[in-house]
Amino acid sequence: MSTSANASDSETVRQTVREGYARIARANRSSPDADPAGAPAGCCGGGKSGCCGSTPIDADDVAAAVGYSATELESLPDGTNMGLSCGNPTAIASLKPGEVVLDLGSGGGMDAFIAGPKVGAAGRVIGVDMTPDMLTKARRAIAEYRRRTGLDNVEFRLGEIENLPVPDASVDVVISNCVINLSPDKPRVWHEIARVLKPGGRVAVSDLALVRPLPAAVAGMVEALIGCVAGAVLITDSERLARQAGLEALTLERKDALIDAMADWQDPLYRAIAEHLPPGSKASDYVTSLNITARKPRR
């Protein structure tokens, strides 16, 4: 495939994802029953959604299942938890007062608003998202965050995670939640992470990854792309890409229980996946939630 074809395919993927998440943002901004652009609840989000926007499951149930505490959820500005998580990166980031945190694919701002009080008034949290509707939603929530916390340390920028609008060596911690798998250029994402981290800076990512390759019928489903599944890579590839970017001290922790829970809740995406799997297989035989931590060398 030529370079131009690759670029064209990548932009098609980005546009598909951008449109899907714009519908999620608009649906959550308006009513729990319908998207003003025409997407019903449960189709790329609604008032209730699920991991990566695929489901009609209650957002708080999803967040609790992937590791958020009741205290964290209660502290959030209204509407910022849209059930789009596949883990809790702030729980594995060991954030400290005064640190600068970068949230890749920040969406409505959930993880950024959780990280803000952890880094305090001397710290800073920068969310980056490529979907203008998500940025609008997140920025509208800043005023409520300020009222609740007394802090003015969170901002949101428009940008792609393959081309981060952040200077070199300016970030202490990079977090991300169920987003890197959506990128059509994952090597570039990992190199961008390494670029923006200060020497000794850390990575804390929750993502979806593959235990084994998906059947072709599943990999080609558009709803699986928006649901963060079709774009996921093998666990071994995730580790390889992080190492090739120059990161070290990698740890990768599987969280299969989330995938099993989504199937148990009759999540429409995972039900559709199950219909295309070999007899006797389940979604968690192919897909897992993966916590990844790493560090940029100090030298």
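What residues of the range 57-85 lie in the reach of a label at Glu144, counting those whose backbone N is under 15 Å from a point 7 Å from the Cα along Cα→Cβ? Correct set: 59-60, 72-83.
Grouping the Cα pair distances of the range 143-251 into 10 Å bins from zero gives a pair-distance distribution of 13, 40, 29, 15, 3, 0 percent in increasing distance order.
Taking the charge dipole of the range 68-225 about its Cα centre, with +1 at Lys and Arg Cβ atoms and -1 at Asp and Glu Cβ atoms, the residue from Ala70, Ser85, Thr149 reaching farthest to the positive side is Thr149. Near Val174, the amide H atoms lying under 5 Å from its own belong to Leu102, Arg202, Val203, Ala204; only residues 5 or more places off or on other chains count, and H is placed 1.01 Å from N.
Evaluate the range 161-209: find the radius of gyration of its Cα atoms, find its Kirkwood radius, and give the ratio Rg to Rh. The Rg/Rh ratio comes out at 0.95. Between the range 59-126 and the range 267-299, how far is it from one alpha carbon centroid to the other, in angstrom? Computed from Cα coordinates, the inter-centre distance equals 22 Å. Between Cys86 and Cys178, the built amide H atoms are under 5 Å apart, and every one of these is 5 or more places off in sequence or on another chain. Across the range 80-125, the volume of the C-alpha convex hull divided among the residues equals 64 Å³ per residue.
A 1.4 Å probe, protein heavy atoms only, puts the accessible area of Lys296 near 40 Å². Between Ser281 and Leu158, the distance separating the two model label sites (each 7 Å from Cα on the Cα→Cβ line) works out to 4.1 nm. On the principal axes of its alpha-carbon atoms, the range 45-179 has extents of 39, 31, 27 Å, going from largest to smallest.
Take each of the peptides 145-155, 83-93, 184-194, average the number of other beta-carbon atoms within 10 Å over its residues, and list them starting from the highest.
Taking the mean over residues of other Cβ atoms within 10 Å, the ranking is 83-93, 184-194, 145-155.
Treating each Cα of the range 108-198 as an identical point scatterer and summing with the Debye formula, the log10 of I(q)/I(0) at q = 0.11 Å⁻¹ comes to -0.31.
The values are calculated or read from the model by the stated rules, or taken from the named source; none is laboratory data. Please read these numbers as outputs of a predicted model, since none were measured by experiment. So basically every Cβ, Gly included, is an ideal-geometry build from the backbone, and we count neighbours across all protein chains shown. For accessibility, only protein heavy atoms count, side chains too; no ligands or nucleic acids. Shrake-Rupley method; radii C 1.70, N 1.55, O 1.52, S 1.80 Å.
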